[in-house]
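Written below as structure tokens is the structure these notes are about.
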Amino acid sequence: MSKQQTTQWGAIIVMIALFAMIAFVTNLCSPMGVIVKNQFGTTNFMAMIGNYGNFMAYLLMGFPAGMCIKKYGYKKTALIGLLVGIIGIIVQWLSGWGGMAVYLIGALISGCCMCILNTVVNPMLNLLGGGGNKGNQLIQIGGVFNSSAAVAVYIIMGALIGDAAKAKISDATPALMIALAIFVIAFIVIAFTKIEEPQQPVEEKKGEKDPHSAFSFRHFNLGILAIGLYGGVEMGIPGYILQYLTAATDAPTPGLAMDASYVGTLSALFFIFMLIGRFIGGVVGGKVSTKAMITFVSTAAIILIALGIFLPTTLTVSVPGIDYTNMKLMWGDLPIGVFCFLLVGLCASVMWGGIFNLATEGLGKYTAIASGAFMTMVCGFAIMVGVQGLVADWTGSYLTSFWVPLACAAYILYYALIGSKNVNTDIKVD
């Protein structure tokens, strides 16, 4: 193997590792909601405050992260992101003594880190693969590790929380320290890894200002709305399943009072299904149009969420979990409706990439700024998770709150069928 090939593979491995880290830290917020709700005595809406801080950070850092890459390059930007992440994890850990405000600040700082790393990882994997099918293949491989890390964090947090009624932030210390250690190790590895970076394009000065932009295209504007609403499907469902299953039967918003460690395993199933879905998407992606794929999965998501809402909780299915005390497999009875919610992970797995492809189709020279806009719209994840929490509080029903992700899936179906058509073909893009 040549020195150049070794360098490239070293960079690829580092980028894939960063892809996994993004999922680990991002998905830490949802199971932490159970802890926040107990320790600080909050509502369902406020329990998910970590998600709000994490995802709203994308609104702040989307464009600045792109400017960092332009000025400092991918490697230095990644190192900056990791330093920010180290600070964010430490602040979240200190919130056990400092209160909810400190926890929110820590989540916001960590979110800035995630945005920076996301801005680095996606284009770098594509570039390292040479673009085209190979570049897309590397991104899909990164997505597999991303989903695997999401599964791991739910299982770990389920084991650490134990009794949801007694959960404290200190219980999550091992998970936070794992994240901190990964950040430190990644910083050291990247600092000593040579990464061949693409030359940054030189802007040409023109006499006239372009009257058009990515926002001149209707299908792009509808697409970034779709990506914001997609957050209600990917984050809202697993986050509120965890609260629904662990909440006491006599709580203001009653749940099923199931064991938190077992439920942590169940919540991980959503991301296991996402992992499976990404494998399938990678196989059929070259044979099925993006429009057909998103139409199918959004329709399936609507059906599954509706079943989850309407099927009686007395109708159950036996699902395996893990007894962390004795480290053995255990079986529990789970409402079939909740299992339908978990199956939505199969549908969510390909939505992000599919929506991105549909929204940027035909944008030509406007694609770069469109990518930055997509990153800022991740703030929609926080908004939709918050809306679902408010619905749960107002109605006193977790099941009713799942109408929010159902509505999100319905809009994505509309976008695939109608909204994704480019009606602005008269705009020159070359």
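Each label was represented as a point 7 Å from its Cα along the Cα-to-Cβ direction; for THR173 and THR43 these points are 3.3 nm apart. Let's test the formula: R0 of 30 Å, r as the Cβ-Cβ distance of LYS287 and ALA257. What FRET efficiency results, to the nearest 0.05? Efficiency at R0 = 30 Å is approximately 0.05. Charge tally around ASN424: other residues with Cβ under 13 Å, Lys/Arg +1 each, Asp/Glu -1 each, net +1. Kindly identify region 334-386 as rounded, prolate or oblate by the Cα gyration tensor criterion: order the square roots of the eigenvalues as a ≥ b ≥ c, call it rounded if a/c is under 1.5, otherwise compare a/b with b/c, prolate if a/b is larger, else oblate. In terms of gyration-tensor shape, oblate. Largest accessible area first, the residues GLU361, GLU234 order themselves as GLU361, GLU234 under a 1.4 Å probe with ligands, DNA and RNA left out. Residues in region 347-427 average 37 Å² of solvent-accessible surface per residue, probe 1.4 Å, ligands and nucleic acids excluded. The residues of region 13-80 present an accessible area of 33 Å² per residue when probed at 1.4 Å with all protein chains retained.
Pairs to check: LYS37/LYS168; LYS76/LYS365; LYS76/LYS194. Give those whose C-alpha atoms are more than 18 Å from each other in this structure. Over 18 Å apart, Cα to Cα: LYS76/LYS365. Okay, which of region 368-390 sit inside 16 Å, backbone N to the point 7 Å along the Cα-Cβ direction of ALA407? Only 380-390 fall inside the zone, counting backbone N under 16 Å. On full extension, the segment bounded by SER397 and THR193 gains 68.4 nm, given 0.36 nm per residue less the C-alpha separation. Each Lys or Arg adds one and each Asp or Glu subtracts one; over the other residues with Cβ under 14 Å from the Cβ of SER30, this totals 0.
Gain on full extension, evaluated as 0.36 nm per residue between ALA306 and LYS365 minus their Cα-Cα distance, stands at 17.2 nm. Using R0 = 56 Å, the C-beta based FRET efficiency linking LYS71 and LEU315 works out to 0.45. Each peptide in 37-45, 336-344 gets a packing score, the mean of other Cβ atoms within 10 Å over its residues, and the list from highest to lowest is 336-344, 37-45.
Leaving out ligands, DNA and RNA, what percent of the accessible area of region 209-322 is carbon and sulfur, probe 1.4 Å? After summing per-atom areas, the C and S share lands at 70 percent.
The values are calculated or read from the model by the stated rules, or taken from the named source; none is laboratory data. Quantities reported herein were computed from a predicted structural model and do not represent experimental measurements. Because the Cβ atoms are built from the backbone with ideal geometry, glycine has one as well, and the counts that use them run over all protein chains shown. Keep in mind that these areas ignore ligands, DNA and RNA; they rest on the heavy atoms of the full protein, side chains included. Shrake-Rupley method; radii C 1.70, N 1.55, O 1.52, S 1.80 Å.
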